[in-house]
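Comments concern the structure below.
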Amino acid sequence: MFSKVLIANRGTIRAKCVQAVRELGARAAVFYTDQDNMSHGVRMADEAYHLAGADPIRAYYDAERIADLAVQIGADAVHPGYGFLAENVEFVRNLAARKIRFIGPDERMLRLTVDKLRMKEEAEKTGMKIVPGSGACLDLTSLVSAAKETGFPVLLKPVSGSGGVGISVIRKEAELRPAYEAFVNRSERLKLENRQVFVEKYQEHARYIEFPVLRDKNGNAVSLPEIEASIQRRFQKVVVETPSPLKDRDLIRELSAQSRRFLERLEYAGLASVEFIVTGKNICFIEMNTYVPVWHAASTYSTDADLVREQIRIISGDLLSVREGEQNPRGHVIGVSINAEDPAKDFVPSPGTLTQFEVPLATNATINATAKRGDTISSFYEPVIAQALAIDSTREASITKLKVALSELIVEGVKTNLPLVRAILESPQFTRAEADISMLVDKDSLAELLEKTRREAEEDMAAIIAALTLHGDANSQEIIDAAGRVEGFSFWNLTSRLLNRSTME
Ligand code: ADP
């Protein structure tokens, strides 16, 4: 095992890594900027280094500085978490040159896995089906002919990208130029090394399923229960569940086996998630990620296996410690991502101060908040403010548990997707397990969900007006106005509180 691990990330994944490192008996070191000095992960760490005056984004992308810091503090490994430097080949090279282990793949493997086209080739060689699409395109002309050959609608994807960044749905030729130009501009701004793109046939009504797999240097491998995350916005997961509600368990077993075979073919040691899209019986590999899945908590919640701890152990050279049965699901898990964003405006982030953020104390679900009251949601980072998860013996019971917990979550000061998430959990597509990746992409389907949130807010408003009128409250308008600004606040709750208060007085 390592003796000291520097965690090169922020937010909840930093806190999770700190915890895992400490549980493994090593020292956890972190660094932080002026913007995130009071974060949980910083307080829990054994050592915390303040990067005074550092740019809040660049600090976490600074491959050279972080590698130097690791040397200065005597760390023997660096955990990149997800995002930031988790797929940065130069960083991995910098660390190797300093004899520090990167908790992820080595440079040769990372070069292969970050290249979606090379991964598709490898998948085909393993006998897996891939989505039809083009090879690498370096200019608009080749992109146009690739898209025409593939047939619209297509998905435009960067060859090396993650987190859905740079991906767009292209329905007709005229949409290619603006999408490509936006990609080129962004690549120039961020000085990205790989500026190749490709197209893939857009599988409009597919479902998205991924398999986390752990494999050690001796080839012992275990795949954890599949995570279905078909409901996405901006190509990022909004609702996850495990196991997938897909009835065809033979298909799931086949995908799980394919995932393990794929890691075997690559001779990969560590943690990876193998991703597929499924339309009926048609299953296609899309890519493999080598970093901790953003939704690792869903796996840890549903089984006895801790993905992050196992990953660190394996990279340090230990053998897999997940024992037979420990990877079996204990129940059905549903998880949702609560984001500070405006679903009605193309999910644009909604930065601001969390003037109110009340996470229910007594709840049967788990709400992992990434922020607290008074925090500023900055436009620098992903606007996730909480991951909420519930587990129960059935899917229905788990959905109910989550809905109850979310009805008690109060967020004020920023716009959030909370009302939308509630509407999704109530929708017939979701409750009948029929939702696919089009749910929040299709304009009509999204509009219908948003309309439902609007109607509910109005009904709640009517209820509170009725209650206030009944009690002749002089400040009713003020209260209504204030309540109207409370995103995700249940007016029913407010009404009953007011009623209780006046009865007690
Ligand atoms: P990234 O590495 O940026 O996350 P992915 O290739 O994993 O990119 O794609 C992001 C998301 O886009 C996936 O989670 C999936 O829902 C969707 N997706 C990917 N490929 C296709 C496709 N060919 N058709 C439809 N949806 C797709």
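The values are calculated or read from the model by the stated rules, or taken from the named source; none is laboratory data. Bear in mind that the values here come from a model prediction, so they are computed numbers and not experimental data. Cβ sites come from the backbone with ideal geometry, for glycine too, and all protein chains shown count toward neighbours. Calculation scope for accessible area: heavy atoms of the full protein, side chains included, ligands and nucleic acids excluded. Shrake-Rupley method; radii C 1.70, N 1.55, O 1.52, S 1.80 Å.
Centre-to-centre separation between the Cα atoms of the stretch 99-164 and those of the stretch 228-255: 22 Å.
What you get for the stretch 393-461, charging only the Cβ of Lys and Arg (+1) and of Asp and Glu (-1), is a dipole of about 220 debye around the Cα centre. Prolate is the label for the chain, because the ratio a/c of its alpha-carbon gyration tensor axes (a ≥ b ≥ c) is 1.5 or higher and a/b is greater than b/c. Quick one: pull the percent of accessible area on the stretch 84-172 belonging to carbon and sulfur, 1.4 Å probe, ligands and nucleic acids left out. Within the stretch 84-172, the accessible surface is 50 percent carbon and sulfur. Rounded to the nearest 10 degrees, what's the angle between the helix 176-189 long axis and the longest principal axis of the chain, both from Cα atoms, 0 to 90? Orientation of helix 176-189: about 80 degrees from the principal axis. Probe radius 1.4 Å, ligands and nucleic acids ignored: give me the carbon and sulfur share of the accessible area of the stretch 247-366 as a rounded percent. Solvent-exposed carbon and sulfur of the stretch 247-366 make up 47 percent of the total. Pairs of Cα atoms nearer than 8 Å and 6+ residues apart set the relative contact order; for the chain it is 11 percent. Here the Karplus curve 6.51 cos²θ - 1.76 cosθ + 1.60, taken at θ = phi - 60°, turns the phi angles of the stretch 110-115 into couplings of 5, 4, 6, 6, 6, 9 Hz, with x standing for Gly and Pro. The 3J(HN,Hα) values that the Karplus relation (6.51, -1.76, 1.60; θ = phi - 60°) gives for the stretch 272-282 are, in residue order, 9, 10, 9, 10, 10, 10, 10, 10, x, 8, 8 Hz. Gly and Pro appear as x. In a DSSP loop and with at most 14 other Cβ atoms within 10 Å, the GluC sites (Glu not before Pro) in the stretch 241-320 are E267. Among the trypsin sites (Lys or Arg not before Pro) in the stretch 71-176, those located in a DSSP loop and surrounded by at most 13 other Cβ atoms within 10 Å of their own Cβ are R98, K99, K129, R171, K172. About the centre of its Cα atoms, the stretch 8-63 shows a dipole size close to 180 debye [charges on the beta carbon of Lys, Arg (+1) and Asp, Glu (-1) only; nearest 20 debye]. Seen against the Cα atoms of the chain and their longest principal axis, helix 443-470 is set at about 30 degrees. For the residue pairs K401/K452; K120/K172; K157/K403, the C-alpha atoms sit more than 31 angstrom apart in K157/K403.
The dipole here belongs to the stretch 1-108: it is taken about the Cα centre, uses +1 on the Cβ of Lys and Arg and -1 on the Cβ of Asp and Glu, and is about 260 debye. Note on D444 and N282: with the Förster distance fixed at 30 Å, the Cβ-Cβ geometry gives a FRET efficiency of about 0.75. Stretched out straight at 0.36 nm per residue, the stretch from A344 to K217 would grow longer than its current Cα-Cα span by 40.9 nm. Sequentially through the stretch 240-254, phi angles give Karplus couplings (6.51, -1.76, 1.60; θ = phi - 60°) of 10, 8, 8, x, 5, x, 4, 6, 6, 5, 4, 4, 4, 4, 5 Hz, Gly and Pro residues having no value and appearing as x. Considering only alpha-carbon pairs that sit under 8 angstrom and 6 or more positions apart, the relative contact order computed for the stretch 231-364 is 25 percent.
Note on the stretch 154-282: dipole from Cβ charges, positive end direction compared against I209, V238, Y268; the farthest Cα belongs to V238. In loop segments of the stretch 422-460 as defined by DSSP, the GluC sites (Glu not before Pro) with at most 16 further C-beta atoms inside 10 Å of their C-beta are E434. Taking the Cα atoms only, what angle lies between the long axis of helix 63-72 and the longest principal axis of the chain, rounded to 10 degrees? Approximately 80 degrees, to the nearest 10.
Once you reduce the stretch 44-83 and the stretch 287-347 to the center of their Cα atoms, the two points are 23 Å from each other.
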